[in-house]
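**Q** I have a structure I would like to understand better, so I am pasting it below and will then ask my questions one at a time.
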Amino acid sequence: MPDLPYTPPADGVAITADGERLEVPDRPIIPYILGDGIGVDVTPAMRQALDAAVRHAYGGARRIAWMEVLAGQKAHDLRGEWLPAETLDAFRTYRVGIKGPLTTPIGGGIRSLNVAIRQNLDLYANVRPVHYIEGLPSPVKHPEKMNMILYREATEDVYAGIEWPAGSPAARRLIAFLADELGVTLDDPGATGLGLKPISARKTKRLVRKAIAHALERGRDSVTLVHKGNIMKYTEGAFRDWGYEVAADEFGDQTLTEAELWSEHGGRRPEGKVVVQDRIADNMLQQLLTRPDEYSVLALPNLNGDYLSDAAAAQVGGLGIAHGGNMGDDVAVFEAVHGTAPKYAGQDKVNPTALILSGVMMLDHLGWPEAAAAVRRGLAAAIRDGVVTYDLARQREGAREVSCSAFTDAVAERM
Ligand code: NAP
């Protein structure tokens with residue numbers, strides 16, 4: 001049981017950084033939050049799978065030194081607070097961590113613990129890979145054509161949460177200001193709610209910079225800026241323009257625009273270069289379904305990213321599979337997309353794949369690709385063999401339904 005202040009594991013060593021590069025020791029200390037609800041099921045499963053993969057890949061030469069930190073109900077029960085400052089400090093100090101799902105406390109004075117963690121640590125990129133694993137149930141004919149990674153902005157746009165209810169004094173003042181100072185009148189000023197959607201150059205550029213850097217590092221062929229700039233010119237349209245700007249100014253010799261691809265290269269991408277292009281969000285939702293194989297890395301403002309990432313995940317297995325990471329410049333915290341699914345809590349029933357795959361992203365982030373590959377192999381083999389949890393078994397004839405822990409054992413056995 002963790003106690004505050006946290007005592008780091010005796011044999012663990014803190015990850016450090018040299019500029020943007022992580023210096024990862026052989027026994028890195030990794031803080032983790034168990035999580036509420038099904039956190040008690042999926043988080044131990046994730047640890048088991050990652051430990052098995054690291055052993056498999058490196059023998060005893062490397063090992064994760066796990067360090068539990070508190071948040072959510074467990075923190076509240078033990079400490080009387082939902083998100084202790086020491087937990088945020090641990091992520092800052094150790095730079096890489098992972099978390100189970102957290103319940104949003106009702107009446108706790110916090111909008112969402114997950115949002116609070118992202119905001120406090122300035123984890124501005126919500127990164128969601130979406131790809132198919134053979135054997136997963138899918139509502140589309142060719143789910144294997146999907147292999148994308150979405151970089152969704154996580155600090156501004158609608159996430160900034162700047163809004164006022166209809167009829168409130170603040171809404172009335174703002175409406176009066178709009179009318180008096182800017183000549184903008186609303187039809188029904190006394191009964192209109194207002195929201196502000198800030199999108200800034202700095203925050204757009206740092207997100208798109210991360211997306212392009214990822215594409216270059218991983219040999220991906222394109223980055224698509226997804227926006228609604230035809231309607232919202234100075235927010236969504238600016239996101240597109242600033243995205244192109246960062247590509248030209250900072251990656252000019254490694255990127256080219258789609259227009260240049262056609263005008264200068266006859267549509268054939270020069271080896272090693274990343275094509276930067278843009279799509280309007282509604283069109284992009286359609287393309288996700290019809291031509292997913294033509295897209296690779298997407299960079300999106302917050303709300304577009306919300307819709308698109310869930311729609312994309314639904315094509316390749318849904319919530320039991322959907323995984324992600326929250327990345328900033330100094331810290332990264334990985335987590336599954338799903339929540340606490342309270343009706344299944346503690347039943348050893350749900351699918352741990354989403355959190356295990358979030359752990360795979362973490363292994364890649366640590367620069368331990370052999371261990372990441374071992375987990376992927378184990379997962380792919382278990383799913384291919386039809387040894388799956390209830391959520392997949394109910395959609396697949398002939399599958400053998402197993403518990404969360406038995407599935408994890410099946411993964412570990414197949415690495
Ligand atoms: P949820 O916890 O994601 O669960 C919704 C449904 O998704 C479940 O009933 C289950 O569907 C399916 N599901 C979720 N995780 C699964 C898994 N690992 N394996 C198989 N199926 C899975 O969403 P919710 O009920 O809307 O939210 C519950 C709480 O979680 C809320 O307090 C919410 O604020 C919080 N939340 C936290 C996070 C986070 O920590 N990042 C994210 C989202 C929500 P079936 O019933 O059909 O089997």
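The values are calculated or read from the model by the stated rules, or taken from the named source; none is laboratory data. As the structure is a prediction and not an experimental result, all values here were calculated from the model. Virtual Cβ from ideal backbone geometry, glycine too; neighbours counted across all protein chains shown. Surface areas here come from the heavy atoms of the whole protein model, side chains and all, with no ligands, DNA or RNA. Shrake-Rupley method; radii C 1.70, N 1.55, O 1.52, S 1.80 Å.
**Q** Can you work out which of the residues in the stretch 330-364 that are more than 16 Å from the ligand (Cβ to nearest atom) and among the hydrophobic types (A, V, I, L, M, F, W, C) is nearest to residue 18 (Cα to Cα)?
**A** So the first thing to find is which residues in the stretch 330-364 are more than 16 Å from the ligand (Cβ to nearest atom), and the list is 330-331, 363-364.
Narrowing further to those that are among the hydrophobic types (A, V, I, L, M, F, W, C): 331, 363.
Working: 331: 13, 363: 19 Å.
Selected residue: 331.
**Q** Would you please name the residue that is surrounded by the most Cβ atoms within 10 Å (Cβ to Cβ), looking only at residues in the stretch 119-141 that are touching a helix residue (DSSP H, G or I) at 6+ places or on another chain (Cβ under 8 Å) and either part of a strand (DSSP E or B) or without any contact (Cβ under 8 Å) to a residue 12 or more places away in the chain (or both)? Spell out how you get there, then give the answer.
**A** Within the stretch 119-141, the subset touching a helix residue (DSSP H, G or I) at 6+ places or on another chain (Cβ under 8 Å) is 120-121, 123-130, 132-137, 139-140.
Next, from what is left, pick out any that are either part of a strand (DSSP E or B) or without any contact (Cβ under 8 Å) to a residue 12 or more places away in the chain (or both): 125-130.
On the way: 125: 28, 126: 25, 127: 24, 128: 24, 129: 21, 130: 26.
The selected residue is 125.
**Q** Within the stretch 365-415, take every residue that is more than 20 Å from residue 44 (Cβ to Cβ), within 13 Å of the ligand (Cβ to nearest atom) and part of a loop (DSSP other than H, G, I, E, B) and give me the one that is modelled with the lowest pLDDT.
**A** Out of the qualifying residues, it is 395.
**Q** Between residues in the stretch 85-104 that are of a type in the set (D, E, K, R) and within 16 Å of the ligand (Cβ to nearest atom) and residues that are open to solvent by 10 Å² or more (accessible area, probe 1.4 Å) and not in a loop (DSSP other than H, G, I, E, B), which pairs lie under 6 Å by C-beta distance while being six or more apart or on different chains?
**A** Listed pairs, sorted by first residue: 99/335.
**Q** So is residue 325 within 16 Å of the ligand (Cβ to nearest atom), within 22 Å of the chain's Cα centre (by Cα) and assigned to a strand (DSSP E or B) or not?
**A** Working: within 16 Å of the ligand (Cβ to nearest atom): yes; within 22 Å of the chain's Cα centre (by Cα): yes; assigned to a strand (DSSP E or B): yes.
It is true that residue 325 is within 16 Å of the ligand (Cβ to nearest atom), within 22 Å of the chain's Cα centre (by Cα) and assigned to a strand (DSSP E or B).
**Q** Would you say residue 312 is crowded, with 23+ Cβ neighbours inside 10 Å, within 16 Å of the chain's Cα centre (by Cα), more than 15 Å from the ligand (Cβ to nearest atom) and outside any helix (DSSP H, G or I)? Steps first, please.
**A** Working: crowded, with 23+ Cβ neighbours inside 10 Å: yes; within 16 Å of the chain's Cα centre (by Cα): yes; more than 15 Å from the ligand (Cβ to nearest atom): yes; outside any helix (DSSP H, G or I): no.
So residue 312 does not fit the description; no.
**Q** It is to be established whether one or more residues within the stretch 331-346 are among the acidic types (Asp, Glu) and either open to solvent by 40 Å² or more (accessible area, probe 1.4 Å) or in a helix (DSSP H, G or I) (or both).
**A** First, pick out the residues of the stretch 331-346 that are among the acidic types (Asp, Glu): 335.
From what is left, the residues that are either open to solvent by 40 Å² or more (accessible area, probe 1.4 Å) or in a helix (DSSP H, G or I) (or both) are none.
Taking every residue of the stretch 331-346 in turn, none turns out to be among the acidic types (Asp, Glu) and either open to solvent by 40 Å² or more (accessible area, probe 1.4 Å) or in a helix (DSSP H, G or I) (or both).
**Q** Taking the residues in the stretch 134-153 that are within 16 Å of the ligand (Cβ to nearest atom) and at pLDDT 95 or above as candidates, determine which candidate is nearest to residue 205 (Cα to Cα).
**A** Applying the filter and picking the extreme gives 152.
**Q** If we keep just the residues of the stretch 154-171 that are modelled with pLDDT under 95 and part of a helix (DSSP H, G or I), which is nearest to residue 234 (Cα to Cα)?
**A** This residue is 157.
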